[in-house]
Amino acid sequence: MLKEKSEKANIFNIVHGSFVDGWGIRTTVFLKGCPLRCIWCCNPESQLMKPELQYIEEHCDGCGRCIDKCPKGAIIQVCPGEKVSIDRGRCDGCGKCEKVCWPGAFNIWGKERSAEDVFAECLRDEKFYKESGGGVTLSGGEATLWPLFCLEMIERCHERDIHVALDTCGYITTDEGMEVFKNADTLLFDIKGLAPDVHKKNTGKSNEIILKNLYLAEELGKDVIVRYPVIPNHNMDEAPDIAKLLSGLKCVHRVDIIPFHKFGGGKYSQLGRVYDIDEDTLTKEAQDALVKMFEERGLKVQLGG
Ligand code: SF4
Ligand code: SF4
């Protein structure tokens, strides 16, 4: 039974017509906030729960219109006409600068939206879900950090017989978050390594909770697609052990192998952060060998995702 007041969450993107976030054609809703800090993360804008300012310096023409609009005094211009810089310690992501910047140098990642509003946007794609066996995917970040929003989205979707996938890092520690986990129709479950100490080094957290939740998914008979980001010199040598573990789980219906890429690297500087990983991307031969390794274990594999 839906409540009168729709729950809100900070949404940083909605992708329509996705083929890589579960079964069929999907609308993927990206929520802000993640408990992990993977050093290869290609969505750094997803990590914090609060809104964040993206500053694309190349777009700034130095007009200076934004400076007085900032209530925090966070925008600095050393000389008139020069490109500005942002004092990240002061900026609270209020978005007042974005409204006056006509060249489009600013964008706020993370706008508060209700589940009712987001669901209405998803409904525009309803006919594609029916035709393709797709649906809505709740992603992030870690969407379960906004459990009431997610539960309302699931309830609204299920009322119209729309399939819901949850894209999760598996690090869920609250009862409310686990309700989302249990109520989603499909879990896109990230496995980023097996050795706890290596996992902690790579992501900031050990993986005991993640593996416990993977086994719970097996116990509950969930429909699981595992996503394995393969990062040379970080977790690639664990591939044989990961394939072995997954081949023993009935709940795993597909493994998406995601070779390391650097597509999100440019966003770090736009957030005032440093992109600190410099591995090579995987050769075609290395990717094919990985696919073969997992298929030989009887697993269905998709490259990319
Ligand atoms: S309003 Fe936009 S273009 Fe003008 S100084 Fe500020 S960031 Fe640069
Ligand atoms: S988002 Fe708000 S606080 Fe941050 S620089 Fe823009 S106006 Fe200032």
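The values are calculated or read from the model by the stated rules, or taken from the named source; none is laboratory data. It should be emphasised that the depicted structure is a prediction, and the values quoted were computed from it without experimental measurement. We place every Cβ from the backbone using ideal geometry, glycine too, and count neighbours over all the protein chains shown.
Annotations for the structure displayed:
- Qualifying residue in the range 42-56 (condition: free of Cβ contacts under 8 Å to residues at least 24 places away in the same chain, touching a Gly at 6+ places or on another chain (Cβ under 6 Å) and within 14 Å of ligand 1 (Cβ to nearest atom)): no
- Hey, LYS99 more than 25 Å from LEU187 (Cβ to Cβ) and either away from ligand 1 (no atom under 12 Å from the Cβ) or part of a loop (DSSP other than H, G, I, E, B) (or both) or not: no
- Yes/no for LYS69 being exposed (fewer than 14 other Cβ atoms within 10 Å of the Cβ) and either touching a helix residue (DSSP H, G or I) at 6+ places or on another chain (Cβ under 8 Å) or within 29 Å of TRP102 (Cβ to Cβ) (or both): no
- All positions within the range 6-46 that are more than 16 Å from GLU126 (Cα to Cα), surrounded by fewer than 19 Cβ atoms within 10 Å (Cβ to Cβ) and among the hydrophobic types (A, V, I, L, M, F, W, C): VAL20, ILE39, CYS42
- Selection status of LYS83, within 9 Å of ligand 1 (Cβ to nearest atom), among the basic types (Lys, Arg), in contact (Cβ under 8 Å) with a residue 12 or more places away in the chain and outside the structural domain of LEU36 (by TED's automatic domain parsing): yes
- Selection count where residues are assigned to a loop (DSSP other than H, G, I, E, B) and either at positive phi or not aliphatic (A, V, I, L, M) (or both), scope the range 16-63: 22
- ASP117 vs. criteria farther than 20 Å from GLU152 by Cβ and either more than 16 Å from ligand 1 (Cβ to nearest atom) or under 18 Å from the mean Cα position of the chain (by Cα) (or both): no
- Each residue in the range 145-184 was checked for being farther than 24 Å from LYS50 by Cβ, of a type outside the set (Gly, Ala, Ser) and touching a strand residue (DSSP E or B) at 6+ places or on another chain (Cβ under 6 Å), and 5 of them qualify.
- Any helices (runs of 4 or more DSSP H) falling wholly within the range 168-270 and containing at least 1 residues that are hydroxyl-bearing (Ser, Thr, Tyr) and touching a Leu at 6+ places or on another chain (Cβ under 9 Å): 196-203, 208-220, 239-247
- The set of residues in the range 48-82 that are more than 13 Å from ligand 2 (Cβ to nearest atom) and in contact with an Asp or Glu (Cβ under 6 Å, 6 or more places away or on another chain) contains only GLY62.
- Filtered by the rule that a residue be surrounded by 15 or more Cβ atoms within 10 Å (Cβ to Cβ) and assigned to a loop (DSSP other than H, G, I, E, B), the range 73-82 gives ALA74, GLN77.
- When ASP92 is tested against the conditions (1) within 30 Å of THR173 (Cβ to Cβ); (2) within 10 Å of ligand 2 (Cβ to nearest atom); (3) touching a strand residue (DSSP E or B) at 6+ places or on another chain (Cβ under 8 Å), the lone failure is (3).
- Residue check for LYS262: surrounded by fewer than 17 Cβ atoms within 10 Å (Cβ to Cβ), of a type in the set (Lys, Arg) and over 21 Å from the mean Cα position of the chain (by Cα): no
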